[in-house]
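This report refers to the structure that appears directly beneath it.
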Amino acid sequence: MKITFLGGGNMANALIGGLLNNGFPANEIAAIEIGAETRTRLERIFGIRCFAEPDAEALACDALVLAVKPQQMHAACLSLQPFLKQQLVISIAAGLRLADLSRWLGGHKRLVRTMPNTPALISSGVTGLYAMPDVSEAERLGAERIMHAVGSTLWVSEEKQIDTLTAISGSGPAYVFLFIEGLQQAAVELGFSPKQVRQLSIETLLGAAKLASISEDPASALRERVTSKGGTTEAALRVMIAHGFKEAIIAGAKAASERGAELGELLGKD
Ligand SMILES: NC(=O)c1ccc[n+]([C@@H]2O[C@H](COP(=O)([O-])OP(=O)(O)OC[C@H]3O[C@@H](n4cnc5c(N)ncnc54)[C@H](OP(=O)(O)O)[C@@H]3O)[C@@H](O)[C@H]2O)c1
């Protein structure tokens, strides 16, 4: 499968690195990237072919991954139109809807919309995928293989679920970072050194996440198991719950979902 990336920035780098690590041959990967320095870097680090702009050679691929910023996408899609054939097109752009991308690509219908998240940059992402009806089973597998290079994948059956998924896994790392900030501030106020604060907070989060990932039990059961009656955890949770800890996360995620729908409207206006 020959893959061309449109845009050779952060996310393309993560995907290309992941594909190469998974044994994908470098001579089957190309990138169209406007930045001369970025092109040189991609060629040097990954040994892939780079192009300054789209042409027939750059688009001689089975899958084209749209990896420019959402605001750059309209202009970028128009430049692809003359060279686009029947290849599979995969968008990783946040918020952009397939109907708008399809229109900008001259009515192209073999489109997959994906939503990776930031941990994809260290191959620990989770990516949601949605395919237009014209995408074949083999093409779906191809899209999945590409996104699997940066973490786990899951398909959704309706495009609007990509927006809702963005509110959970897309913005989710920021919710986790906010939690880490809170835990770290508490550790500082309780007298730990910066090195200890970092170790205690991050190792706790990693350990708890690992435990949740290997356990068959729901998070609530794991929480109950560490909450002895009259103990320290119970004292903490009582105060956190009284401050609306869980409700705040739920309300925040719903606000992200609503904002996602608004941004989709705005980004696809022209
Ligand atoms: N980073 C994340 O964690 C993350 C997570 C989920 C989804 N995404 C999505 O991934 C996409 C890429 O994000 P990113 O962080 O990788 O962006 P990025 O680092 O800015 O990469 C985009 C690259 O494409 C270049 N470019 C712009 N217009 C071009 C064109 N017409 N033809 C060829 N190259 C062009 C840019 O050059 P200039 O810098 O000169 O403009 C830049 O080097 C975005 O749509 C974003 O929504 C990112």
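We did not get these values from a lab; they are worked out from the coordinates using the rules stated. All values derive from a computational prediction rather than experimental measurement. Heads up, the Cβs are rebuilt from the backbone with ideal geometry, glycines too, and the neighbour counts pull from every protein chain shown.
The phi torsions of segment 48-61, fed into the Karplus equation with coefficients 6.51, -1.76 and 1.60 and a -60° offset, translate into couplings of 9, 7, 10, 10, 7, 7, x, 8, 4, 5, 5, 9, 7, 9 Hz, rounded to whole numbers, with Gly and Pro shown as x.
Per-residue 3J(HN,Hα) values for segment 263-269, derived from phi via the Karplus relation 6.51 cos²θ - 1.76 cosθ + 1.60 with θ = phi - 60°, read 5, x, 4, 5, 5, x, 4 Hz in sequence order (x marks Gly and Pro).
Dimensions of segment 172-261 from C-alpha coordinates, computed as largest minus smallest value along each principal axis and given longest first, are 43, 30, 29 Å. Computed on the Cα atoms alone, the convex hull of segment 150-198 gives a volume of 84 cubic angstrom per residue. Here segment 3-159 is treated with +1 on each Lys and Arg Cβ and -1 on each Asp and Glu Cβ, and its dipole about the Cα centre works out to around 180 debye.
Beyond 20 Å, what share of the Cα-Cα pairs of segment 3-159 remains, rounded to the nearest whole percent? Cα-Cα pairs of segment 3-159 separated by over 20 Å account for 43 percent.
How much length, in nm to one decimal, is gained on full extension between residue 22 and residue 234, taken as 0.36 nm per residue of separation minus their Cα-Cα distance?
Extending this stretch completely gives an extra 71.8 nm.
Sorted ascending by nearby beta carbons within 10 Å, beginning with the fewest, 147, 240, 11, 1 become 240, 1, 11, 147.
Separation of segment 192-267 and segment 1-65 by C-alpha centroid, Å? Value for the Cα centre distance between the two parts: 38 Å. With the simple spin-label model, which puts each label point 7 Å out from Cα in the Cβ direction, the residue 203 to residue 253 separation comes to 2.9 nm.
Considering only beta bridges that DSSP places wholly inside the chain, some 15 percent are antiparallel.
For the peptides 250-258, 150-158, residues were scored by their other Cβ atoms within 10 Å and the scores averaged per peptide; the highest-first order is 150-158, 250-258. Angle, helix 10-21 long axis vs. longest principal axis of the chain, Cα atoms, 0 to 90°, nearest 10? Its long axis makes an angle of about 80 degrees. For the chain, the convex hull spanned by the alpha carbon atoms encloses 154 Å³ per residue. Ordered by the number of other Cβ atoms lying within 10 Å of each residue's own Cβ, fewest first, 53, 137 fall into the sequence 137, 53.
Taking Cα atoms only, the orientation of helix 194-214 departs from the longest principal axis of the chain by about 70 degrees.
Listing 69, 269 from fewest to most neighbouring C-beta atoms within 10 Å gives 269, 69. Please give me the summed charge of the neighbours of residue 251: other residues whose Cβ is under 15 Å from its Cβ, Lys and Arg +1, Asp and Glu -1. Summing Lys/Arg as +1 and Asp/Glu as -1 gives +1.
Here the contact order of segment 3-159, divided by its residue count and restricted to Cα pairs under 8 Å and six or more residues apart, works out to 21 percent. Residue-wise HN-Hα couplings along segment 135-151, as the Karplus relation 6.51 cos²θ - 1.76 cosθ + 1.60 with θ = phi - 60° gives them from phi, are 7, 6, 4, 5, 5, 4, 5, x, 4, 5, 4, 5, 6, 5, 5, 10, x Hz; Gly and Pro carry x.
Counting only DSSP beta bridges whose two residues both lie in segment 3-159, roughly 15 percent are antiparallel.
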